[in-house]
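For reference, the structure is listed below as structure tokens.
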Amino acid sequence: MSDIPDGWSLEEGGKALTRSFRFKDFSEAFAFLTRVGMHAEKVNHHPEFTNVWNRVDFRLTSHDSGGVTQRDVKLAEAINRLG
């Protein structure tokens, strides 16, 4: 896949896009997740994520397609803008 958004990596095996974000503190990380969540609801495509204090880790995949699709690429680009 050649159109991987800046800052994202293709998971080994090519099944998902991954990226970690770090923030000043938990409040900033949670506010970011809130923005991402609002966008994900709007486009009806929801990321896998974990949040530990100031870090948010994402894994984007289209389960119904068995791997990365253009929807994941677009969501990754949106997450970059929201960060």
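Some points to look at:
- Angle in degrees between helix 26-43 and the longest Cα principal axis of the chain, rounded to the nearest 10: 40
- Rounded to the nearest 20 debye, the dipole size of the chain about its Cα centre is 220 debye, using +1 on the Cβ of Lys and Arg and -1 on the Cβ of Asp and Glu.
- Length-normalised contact order for the chain - Cα pairs under 8 Å, 6+ apart - percent: 34
- Among Ile79, Ile4, the sequence by solvent-accessible area, most first, with a 1.4 Å probe is Ile4, Ile79.
- As a size descriptor, the averaged projected area of the C-alpha convex hull of the range 39-78 was calculated at 3.0 nm².
- Over the chain, the Kirkwood radius and the radius of gyration, each from Cα atoms, give a ratio Rg/Rh of 0.95.
- For Lys15, the aspartates and glutamates whose Cα falls under 15 Å of its own Cα, not counting residues fewer than eight places away in the same chain, are Asp3, Glu48, Asp64, Asp72.
- Cα long-axis angle, helix 70-82 against the chain (0 to 90 degrees, to the nearest 10): 20
- Highest-first arrangement of 11-19, 70-78, where packing means the average Cβ count within 10 Å: 70-78, 11-19
The values are calculated or read from the model by the stated rules, or taken from the named source; none is laboratory data. Keep in mind that what you see is a predicted model, and the values were worked out from it rather than measured. Note that we place each Cβ from the backbone using ideal geometry, even for glycine, and neighbour counts take in every protein chain shown. Accessible surface areas use protein heavy atoms only, side chains included; no ligands, DNA or RNA. Shrake-Rupley method; radii C 1.70, N 1.55, O 1.52, S 1.80 Å.
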